[in-house]
Amino acid sequence: MHEMSLAEGIREIIEDQARRHSFARVRHLRLEIGRFAGVEKEALAFAFDVVMRGSPAEGATLEMIDLPGRALCYDCGETVELADRLDPCPNCGSGKLMPQGGDEMRIKDMEVV
Amino acid sequence: MCTVCGCSGTVKIGDLELTHEEAHRLGLPHGHDHEHRHDAHDHDHPRLSGGTIHFGLGVAGTSVPGMEQSRLIEIETGILSKNDAVAGANRRVLRALGAYAVNLVSSPGSGKTTLLCETIRHLGAHPLTVIEGDQQTSNDADRIRATGAEAVQVNTGKGCHLDAEMVARAMDALPLAPGSFLFIENVGNLVCPAAFDLGEDAKVAILSVTEGEDKPLKYPDMFTAARVALVNKTDLAPYCGTDLDLIEANLRRVNPTIEVIRLSARTGEGMEHWLRWLKGRLAEKTLRKAG
Ligand SMILES: Nc1nc2c(ncn2[C@@H]2O[C@H](COP(=O)(O)OP(=O)(O)OP(=O)(O)O)[C@@H](O)[C@H]2O)c(=O)[nH]1
Ligand SMILES: [Mg+2]
Ligand SMILES: [Zn+2]
Ligand SMILES: [Zn+2]
Ligand SMILES: [Zn+2]
Ligand SMILES: [Zn+2]
């Protein structure tokens, strides 16, 4: 779905960084992706390969680090970690949970030459 | 730096500090302590023709290969940080005007345009403008203009959502009035519009009764991001055997704080509730601006 736009966002940031830090090529790029970010990782990896063509990150390897999904439980008041967006509260079993992070989509760092 | 005239510096109105560029967008008078550099534009402008802005018409890139020792650069930058910055600028422009912006999101055909036309009719002489997002055609903007309201159509081309830059360009093409409503009809899609901040005050999700009670569970991100859910086409509920209470329970399951309004753009049922909500939010915003 929007993995193409995400890859384009990554490319813009890389081109901006390439000017700022004057590097020619990105070898390895690390992303941090929250479990609730709704990112299809395979689709993003594919879009990355396509969108980076002709950019300093053409041919770079991509690594995606999962960040946990957290939610506030409206019944027990605890902030809990959820593996899946619709899991019940592991503390009290309630289904009234509001995500509190886990929607991160960040470039963490990159190895450049 | 201001990409309009190349100036840096800010412009203050009340307690709100606007960037130079935002001041230009609002047409606010401001001083310059240097000469204008109108060669400062380094971005291309999408084509604006007949009230329709076209995006996605071509990209280009350059490549610079090289060989050196590698180093690690830490960035910790959000992938959508550029979008979020433009959304922030849109939000400050709207705040300076005391205008209230609604981002209408839904799957295709849930009744966004019909509901907007009815909303405009009910709001009567209240100042408002509309941004219509679709991949192709200007049908929806034409339908809005037929009500007498000002509308800009944004065609996203291949894009399946509006982004903040598209909305910024459209806002600049519209006569945004102080105290007005700005309605943004997003591309019909229950997935990615959730991730793209446009600078709106609230996302409003529309779900029609013919789509099935489980949609909030299948597409939780959109309904989590929305402040209000409008359950539309209630006139059809008896024919579809739709369980409206179950829709509402599923909405609360993914977003315990969501406000749910049942309505029918066709019969007008529930419309006053929705209009009361809109006017209430606008009044709040205007008060905040005054206080
Ligand atoms: N019965 C009934 N039909 C409705 C209602 N609201 C909209 N419709 C019909 O639903 C169809 C789609 O409505 P639109 O307003 O075009 O929907 P939309 O969400 O703007 O569609 P896209 O912009 O293409 O995603 C039209 O045939 C409308 O007449 C309603 O409350 N009741
Ligand atoms: Mg429409
Ligand atoms: Zn709990
Ligand atoms: Zn200029
Ligand atoms: Zn200026
Ligand atoms: Zn999209």
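The values are calculated or read from the model by the stated rules, or taken from the named source; none is laboratory data. If you're wondering where the values come from, they're calculated on a predicted model, not measured in any experiment. All Cβ positions, glycine included, derive from the backbone under ideal geometry; neighbour counts span all protein chains shown. Just so you know, the surface numbers come from the protein's heavy atoms only, side chains and all, with ligands and any DNA or RNA stripped out. Shrake-Rupley method; radii C 1.70, N 1.55, O 1.52, S 1.80 Å.
Shielding of peptide B:75-88 by partners, expressed as the average count of other chain Cβ atoms within 10 Å per residue Cβ, is 5. The convex hull drawn around the Cα atoms of region B:203-280, when projected onto a plane and averaged over every direction, covers 4.7 nm². Could you name the lysines in cross-link range of B:LYS12, using Cα to Cα under 16 Å and dropping any fewer than eight places away on the same chain? Straight-distance partners of B:LYS12: B:LYS289. Let me know the shape class of region B:81-290, please: from the alpha-carbon gyration tensor, a ≥ b ≥ c as square roots of the eigenvalues, rounded when a/c is under 1.5, otherwise prolate if a/b is greater than b/c, or oblate. Rounded shape, in that the Cα axes give a/c under 1.5.
At 0.36 nm per residue, and after removing the present C-alpha to C-alpha distance, how many nm does the segment from A:GLU12 to A:PHE46 gain when stretched out fully? Let's see the in-between values first.
Numbers: separation 34, 0.36 × 34 = 12.24 nm, distance 1.72 nm.
Residue separation times 0.36 nm, minus the Cα-Cα distance, leaves 10.5 nm.
Computed over every Cα-Cα pair of region A:2-112 and binned at 10 Å starting from 0, the pair-distance distribution P(r) comes out as 15, 38, 23, 16, 8, 0 percent.
Using R₀ = 22 Å, calculate the FRET efficiency as 1/(1 + (r/R₀)^6) where r is the Cβ-Cβ separation of B:LYS279 and B:ALA146; round to 0.05. The calculated FRET efficiency here is 0.40.
Report the trypsin sites (Lys or Arg not before Pro) located in region B:130-164 that are in a DSSP loop and have at most 13 other Cβ atoms inside 10 Å of their Cβ, or state none. Kindly include the intermediate steps, with their values, before the conclusion.
On the way: sites: B:ARG143, B:ARG145, B:LYS158; in loops: B:LYS158.
Answer by residue number: B:LYS158.
Charge dipole of chain A (Cα centre as origin; +1 on each Lys and Arg Cβ, -1 on each Asp and Glu Cβ, all else neutral): 320 debye, rounded to the nearest 20. Ligands, DNA and RNA are left out, and with a 1.4 angstrom probe the accessible area of region B:81-290 is 37 Å² per residue.
How would the protein assembly as shown be classified by its alpha-carbon gyration tensor: rounded, prolate or oblate, with rounded meaning a/c under 1.5 and the a/b versus b/c comparison settling the rest?
Since a/c reaches 1.5 but b/c is at least a/b, the shape of the protein assembly as shown is classed as oblate.
Take peptide A:14-25, look around each residue's Cβ out to 10 angstrom, count Cβ atoms belonging to other protein chains, and average those counts. If you can, show how the numbers build up before the last one.
Values: counts 2, 2, 3, 3, 2, 0, 1, 3, 1, 6, 6, 7.
Per residue, the average neighbour count from other chains is 3.
The alpha-carbon of B:LYS158 sits under 30 angstrom from the alpha-carbons of these lysines, leaving out residues fewer than 8 places away in its chain: A:LYS41, A:LYS108, B:LYS82, B:LYS112, B:LYS203, B:LYS215, B:LYS218, B:LYS233.
Mind running the shape call on region B:111-188? Use the C-alpha gyration tensor, a ≥ b ≥ c as the square roots of the eigenvalues: rounded below 1.5 for a/c, prolate if a/b tops b/c, oblate otherwise.
On the way: a/c = 2.10, a/b = 1.36, b/c = 1.55.
Since a/c reaches 1.5 but b/c is at least a/b, the shape of region B:111-188 is classed as oblate.
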